[in-house]
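Everything below concerns the one structure shown next.
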């Protein structure tokens, strides 16, 4: 009877449950760290896109637009947004920058609000594990069109 009692005591011992708990908690903590890393990278990309859209709309609001220069104005705005992001690890293409109203179609009137939107697809490092491989990020900035490169004095 004594050998059976010692077997029951060994089976009732909870020493192995600690190992299982540590394994589950470790997986949970590593998953949370991976999510923080991915969302931190996405936030950094968003800040870069926001700065690029600000620089683009600032250029758009100050450049004088005429029918002969409207395509050059649109190209300069797109290039300003691309150049702003060039120092970071975010690569913006010309197709990622959207102007509203588009200067290529016609020059905006003075006082019209301009919007420059920059889109980017952020590739996640750990998101593929959860079923998504990228996060679409969009940043837009609005400014009123002045049409000149000087500031009015008060």
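The values are calculated or read from the model by the stated rules, or taken from the named source; none is laboratory data. What you are looking at is a predicted structure, and each value in this text was computed from that prediction instead of being measured. Cβ placement follows ideal geometry from the backbone for every residue including glycine, while neighbour counts extend to all protein chains displayed.
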note = Those residues of the stretch 81-131 that are farther than 12 Å from residue 49 by Cα, under 19 Å from the mean Cα position of the chain (by Cα) and surrounded by 21 or more Cβ atoms within 10 Å (Cβ to Cβ) come to a total of 1
ask   = Which one of these is at pLDDT 95 or above, over 17 Å from residue 46 (Cβ atoms) and buried (at least 19 other Cβ atoms within 10 Å of the Cβ): 73, 78?
value = 78
message = Can you tell me which residue is surrounded by the most Cβ atoms within 10 Å (Cβ to Cβ) among those in the stretch 48-63 that are out of contact with any helix residue (DSSP H, G or I) (no Cβ under 8 Å at 6 or more places or on another chain) and over 13 Å from residue 139 (Cα atoms)?
response = 61
task = Determine which single condition residue 32 fails, assuming it passes every other condition in (1) in a helix (DSSP H, G or I); (2) at pLDDT 95 or above.
result = (2)
note = Within the stretch 64-98, of all residues that are in contact (Cβ under 8 Å) with a residue 40 or more places away in the chain and out of contact with any helix residue (DSSP H, G or I) (no Cβ under 6 Å at 6 or more places or on another chain), the one nearest to residue 116 (Cα to Cα) is 64
query = Taking residue 137 and the conditions (1) modelled with pLDDT of 95 or more; (2) over 30 Å from residue 39 (Cβ atoms), which numbered condition does it fall short on, given that it satisfies the others?
reply = (2)
request  = For the stretch 3-26, indicate whether the set of residues that are on the phi < 0 side of the Ramachandran plot, touching a helix residue (DSSP H, G or I) at 6+ places or on another chain (Cβ under 9 Å), modelled with pLDDT under 95 and assigned to a helix (DSSP H, G or I) is non-empty.
outcome  = no
